[in-house]
Amino acid sequence: MIKLGQRKKQLSRALFLAAFVATSLQAAKTDVTIGMQLEPPNLDPTGGAAAAIDEVVYANLFEGLTRFGSDGSVLPALAKSWTISDDGLTYAFTLHSGVTFHDGTTLDADDVIFSLDRAMAEDSTNAQKQLFANIKSVKNVFDVVIIVLNNPDGNLLFNLAWGDAVIVAPESVDLLATAPVGTGPFKFKNWVQGDQIVLEKNAEYWGEPVQLEQATFKFISEPTAAFAAMMAGDLDAFPAFPAPENLPQFEADPRFNVIVGSTEGETILSTNNLQEPLDNVLVRQAIAHAIDRSAIIDGAMYGYGTPIGTHFAPHNPAYVDLTGKSEYDPEKSKALLEEAGLADGFTTTLKLPPPAYARRGGEIIASQLRAVGINVEISNLEWAQWLEQVFKGKDFGLTIVSHTEPMDIGIYAKPDYYFQYDNADFQALIESFNVETDTEKRTQMMQEAQNIITDDYVNGYLFQLAKTGVASAKLKGLWENSPTQANDLTGVYWED
């Protein structure tokens, strides 16, 4: 017969063992499930504009000569070092040795030449082809990559860190869209369309190995479903959580960390500068003064966001606060419309992609514009439709989108870009900026560029998108800020 004391000892021992096993199992967790609102249309960062591509593959699957760090700095990646000629025209990149692609083929200088030539080609589908426009030639000299420029370029190392500049191999280039082969610390495992993409640890990685064995990117478009999945433990993190109204609930729950940081996402009311009457600067100015940014940030983003008056990130040292040039003033807006010969207002379209900032913000902006006599017809589009109709087809009056590429004010120098702004002085300024290497002069040029597009009221500048993420309290190493479009898992691990 077992005595009561013995039972207590056995029970205590059993509880201790159970707790030990549970703790050990938790400490041994080496996989992670990441929530994303948007599924990428493909997995080739060198052939598509969708931010969701880089959110899966940047630094995880693919690498470039350089890369962005979590603080936005430019760091070595496949290039372990480089030298720059005195005239600033020639860059010599020495590659890390022993680097292989996921299919076992060896990375060499010829792969870099292939990748950059492919990006620069006349028929290139690279979404950021202008990044490579100043490259005259790329050569292999004793397995050192020699990049020769047409003009000195203070942006080159920065440009090469973009996801659009990653290095791929000719042997696997046809697989990039659906079964990508890169050099990164993770390799592609599978993709269940409409559901998830799974990456697994690359055991043959040339650099510092990652601590995770597997990473799953789960696509959940509905904010309510994202909240439910996090609360149920189906997700370990949602780095760009789509429902800011739920963040206080996560903050009050010790199981989670709420991660609030900055992004490169200038959220703008993009305007078709060639469509009447939006081709009139007075009309664009009237739109700018009809918009109450604070109401949009509070109503659509629950207070998360920083007002902007130009297409530039407020955390950038060269930022100029120009919000005063488009302050909320409905009466001034009405007067400008009258001056433009539109005292009775006009009607235009407002085509909105799926993100909450666009759909929620669009309703608020539509109401504000109607208050001054501008009637907007709202169309809610899926991303594929938005890319086809708005970005490619330029069939829109107004739209709302967050431009998440780093320091991308140069897009205003492209007359055929979707908002179709054509200013020769601005284009000349950007050309000069691209060849300028003096830091102080580059800052002055960036500030001048900000003023030009603000004075031309090219778009309605709303707010800088905040990075609002939610993660398990035990998951460490996620980026707080988003210096580029990425869910970089190279430093992510589970705390014991």
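The numbers here are math on the coordinates, done by the rules we state, and not lab data. Being a predicted model, the structure only gives us computed values, none of them experimental. Glycine gets a Cβ as well: all are built from the backbone with ideal geometry, and neighbour counts include every protein chain shown.
Values for this structure:
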read-out	value
LYS394-ASP143 pseudo-label distance in nm [points 7 Å out on the Cα-to-Cβ vector]	4.8
Of LYS80/LYS201; LYS136/LYS394; LYS136/LYS414; LYS187/LYS392; LYS334/LYS414; LYS218/LYS414, pairs whose Cα-Cα distance is over 25 Å	LYS136/LYS394; LYS187/LYS392; LYS334/LYS414; LYS218/LYS414
For the stretch 265-465, alpha-carbon Rg relative to the globular expectation (2.2 N^0.38 Å, N residues)	0.98
Under the span-like rule (Cα at least 15 Å along the axis, Kyte-Doolittle mean at least 0.0), DSSP H helices of the chain	4-27, 109-120, 424-435
Amide H within-cut-off set for PHE463, under 5 Å, with H built and near neighbours excluded	THR267, ILE308
Normalised per residue, the volume of the convex hull around the Cα set of the chain (Å³)	165
Per-q log10 I(q)/I(0), the stretch 224-343, q = 0.10, 0.17 Å⁻¹ (Debye; single scatterer per alpha-carbon; no solvent)	-0.47, -0.94
Rel. contact order, % - alpha carbon contacts under 8 angstrom, at least six apart, the chain	21
Loop GluC sites (Glu not before Pro), the stretch 100-201 (other Cβ atoms within 10 Å of the site Cβ: 14 or fewer; DSSP)	GLU122, GLU171
Sparsely packed GluC sites (Glu not before Pro) within the stretch 438-496, loop by DSSP, other Cβ within 10 Å at most 13	GLU480, GLU495
Computed lengthening from ASP86 to ASP279, 0.36 nm per intervening residue step minus Cα-Cα distance	65.0 nm
Cα→Cβ-extended label distance, 7 Å offset, between GLN193 and VAL435, nm	4.8
Computed lengthening from ASN150 to ASP253, 0.36 nm per intervening residue step minus Cα-Cα distance	31.5 nm
With 10 Å bins from 0: P(r) over the stretch 74-169, alpha-carbon pairs, percent	15, 52, 29, 3
Contact order relative to length of the stretch 313-439, as percent, for alpha carbon pairs under 8 angstrom and 6 or more apart	21
Charged-residue dipole, Cβ positions (Lys, Arg, Asp, Glu), the stretch 77-147 about Cα centre, Debye nearest 20	180
Charge tally in the Cβ shell below 9 Å around TYR418, where Lys, Arg are +1 and Asp, Glu are -1, TYR418 excluded	+1
